[in-house]
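S.K.: Once you've had a glance at the structure underneath, I'll fire off some questions.
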Amino acid sequence: MMRIKADTGVCVGSGQCVLTQPAIFDQDDDGIVTLLTDRPDDETAAQARAAVALCPTRALSIVQE
Amino acid sequence: MTKSVAGELADLELPVERGCPFAPPAAYERLREQAPINKVRLVSGGEAWWVSRHEEARAVLADPRFSSDKRKDGFPLFTLDAATLQQLRSQPPLMLGMDRAEHSAARRPVIGEFTVKRLAALRPRIQDIVDHFIDDMLAADRRPVDLVQALSLPVPSLVICELLGVPYTDHDFFQSRTAMMVRRTSQEDRQRAFAELRVYIDGLITRKESEPGDDLLSRQIARQRQNGALDHAGLVSLAFLLLTAGHETTANMISLGVVGLLSHPEQLALVTADPGRTPMAVEELLRYFTIADGVTSRVATEDMEIGGVGIKAGEGVIVSMLSANWDPAAFKDSGELDVERGARHHLAFGFGPHQCLGQNLARMELQIVFDTLFRRIPALRLAAPIEDLPFKSDAVIYGVHELPVTW
Ligand code: HEM
Ligand code: SF4
């Protein structure tokens, strides 16, 4: 199964992930990425992958379990 | 002409002017086809690496072994003259020129101001600002109207007023001085406007230190006090950074977006038929024009191997976002303006830790402007042939000086 990981230490708050897949990604009040869920379903997976690829600091990754 | 190999000096001297207003300089394509990274000469003297393909551009901009510090030896300062460089070296560094932990410490306190959610709350206010200037355009008794002065420059200026909490009564002052700073006028006029704004912003921050409001500067003051000492000078620099990074860029993109859409009527028709297409049309216009091409330069801090070449510590690297954004390997038919392309992986806002802090604000401004302008003035057209428009073909930030429109 696909799981999303976010490294908040390197996030620079670009918001690219939130723009691309708001069902999975959000930003806290300080602008740092938070995950609404780390398990995309069939409907959200494609855009979640796109968001991971767009992240400018490679803060996001996908792990297969 | 001899074909150059990666690592050999290519016959390109930077900067080069854009020829066709709708395309990168012809040399960009030639170099990109030769190698992902070439060595080029700088008009200012010396050489630098030129990164022209999308994949390598992303790799360099995301790589912490490259520094953004313009004061470091070897940094390719091909866009700056000696006076500006002197000024730069004498001022405290901005987040734009910082690396790693220092950069993170400067950027982190501010990013909460630019989240997608917080910016959505600004939307109605930006809509009001845009409507106000379009009202004025419609009420003008003379046409053509210069869109640059009537809309492109004032909208982002007032949005920055909103962000910084500049009181309403000072909006005219703020707007006129910011417009002067980017006008084709004498160096003295521009410097005077700059100095007046600096004094104004200094005073504004002092006022907010005793009477905080609901704005970015007041929240930064509160945050700094909570964490220790207030850095007044640092806040003046931050306010100026937001102004210089967010005003002319957005203004130029408004003007060019309008030129781009008006000269591709079938693309404009797609957007006006369904405003749901506007966000992606904005992405495409950002890619197509890539107005901030030259700003993503770096200097290597270690020896490394990248894109088939060996780059040594202390060597300068220029990442051409424009070349990368026209790389056919990343964008099919990259020379076409296609508002339905649906591609967000362009580098118009840069990549890596410095990727534009204000990008989502800029996106929103552009979306609102294009939607509102073409809805309220559907008969809008250029009042001069494209060939006669004064494009800023040699400027650091691409744009157009004047844009006569009528309807
Ligand atoms: C269409 C409009 C804009 C374009 C094309 C643009 C482009 C860029 C680019 C390419 C960078 C990266 C520079 C680098 O990597 O060295 C950048 C950084 C930056 N931009 Fe923008 N920008 C725009 C609008 C704005 C706005 C509206 C604001 C704020 C009000 C803003 C604030 C900044 C700041 C503060 C940085 C420095 C970020 C850092 O160093 O971490 N920009 N911009
Ligand atoms: S795209 Fe990356 S850097 Fe931007 S907010 Fe999301 S995780 Fe952070």
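S.K.: How much net charge surrounds residue B:405 when only the other residues with a Cβ under 9 Å from the Cβ of residue B:405 are counted, with Lys and Arg +1 and Asp and Glu -1?
M.R.: Charge balance in the 9 Å sphere: +1.
S.K.: For the modelled label position 7 Å from the Cα of residue A:65 along Cα-to-Cβ, which residues of the range A:1-31 have backbone nitrogen atoms closer than 15 Å?
M.R.: A:1-6
S.K.: Could I ask something else about it? Quantify how much of the Cα-Cα distance distribution of the range A:2-64 extends past 19 Å, in percent.
M.R.: 15
S.K.: Still on this structure: Size of the dipole of the range B:41-184 about the Cα centre, Lys and Arg at +1 and Asp and Glu at -1 on the beta carbon, nothing else charged, in debye to 20?
M.R.: The calculated dipole for the range B:41-184 is roughly 420 debye.
S.K.: A further question follows. Given the options B:178, B:296, B:272, state which has the largest fluctuation in a GNM of chain B using a 10 Å cut-off (strictly under) for Cα springs.
M.R.: Evaluated over chain B, the most mobile residue of the options is B:272.
S.K.: Provide A:17, B:20 in ascending order of the number of other Cβ atoms located within 10 Å of each residue's Cβ, fewest first.
M.R.: Least to most surrounded, the residues fall as B:20, A:17.
S.K.: If I model a spin label at residue B:227 and residue B:396 as a point 7 Å from the Cα along the Cα→Cβ vector, what separation in nanometres do I get?
M.R.: 2.7
S.K.: Taking Rh as the Kirkwood radius, which is the inverse of the mean 1/r over Cα pairs, what is the Rg/Rh value for chain B?
M.R.: Using only Cα positions, Rg/Rh for chain B is 0.96.
S.K.: Quickly work out the residue B:34-to-residue B:303 label distance, labels modelled 7 Å from Cα along the C-beta direction, and quote it in nm with one decimal.
M.R.: 2.5
S.K.: I would also like to ask the following. Tell me the label-point distance for the pair residue A:50, residue B:312, using the 7 Å Cα-to-Cβ offset, in nm and rounded to one decimal.
M.R.: Spacing of the two 7 Å Cα→Cβ label points: 4.5 nm.
S.K.: Shape of the protein assembly as shown from its Cα gyration tensor (a ≥ b ≥ c, root eigenvalues): rounded if a/c is under 1.5, otherwise prolate when a/b > b/c, or oblate?
M.R.: Because its axes are fairly even, with a/c under 1.5, the protein assembly as shown counts as rounded.
S.K.: First select every other residue whose beta carbon is under 14 angstrom from the beta carbon of residue B:247; then total the charges, Lys and Arg +1, Asp and Glu -1.
M.R.: 0
S.K.: Count neighbours as other Cβ atoms within 10 Å of each site's Cβ, and list the trypsin sites (Lys or Arg not before Pro) in the range B:328-407 that are DSSP loop with at most 16 such neighbours.
M.R.: When the trypsin sites (Lys or Arg not before Pro) of the range B:328-407 are filtered for loop state and at most 16 Cβ neighbours within 10 Å, B:332 remain.
S.K.: Additional query: Quick one: check the C-alpha center-to-center distance for the range B:173-210 versus the range B:271-345, whole angstrom.
M.R.: With the range B:173-210 and the range B:271-345 each reduced to a Cα centre, they are spaced 32 Å.
S.K.: Further question on the same structure: Treating only the Cβ atoms of Lys and Arg (+1) and Asp and Glu (-1) as charged, compute the dipole magnitude of the range A:2-64 about its Cα centre; round to the nearest 20 debye.
M.R.: Result for the range A:2-64 is approximately 320 debye, rounded to the nearest 20.
S.K.: By counting other Cβ atoms within 10 Å of each Cβ, how are B:131, A:26, A:42, B:333 ranked from fewest to most?
M.R.: Listed from fewest to most nearby Cβ atoms, that is A:42, B:333, B:131, A:26.
S.K.: Between 0 and 90 degrees, rounded to the nearest ten: what's the tilt of helix A:45-54 against the longest Cα principal axis of chain A?
M.R.: 40
S.K.: If a helix is a whole DSSP H run, which ones in chain B reach 18 Å or further along their own axis (Cα) and hold a mean Kyte-Doolittle hydropathy of at least 1.6?
M.R.: Membrane-span-like by this criterion, though nothing is claimed about a membrane: B:232-246.
S.K.: What is the local net charge at residue B:232, summed over the other residues whose Cβ is closer than 11 Å to its Cβ (Lys, Arg +1; Asp, Glu -1)?
M.R.: Within the 11 Å Cβ shell, the charges total -2.
Read-outs: derived from the displayed coordinates by stated rules, not from any lab. Here the structure is a predicted model, which means the values were calculated and not measured. Virtual Cβ from ideal backbone geometry, glycine too; neighbours counted across all protein chains shown.
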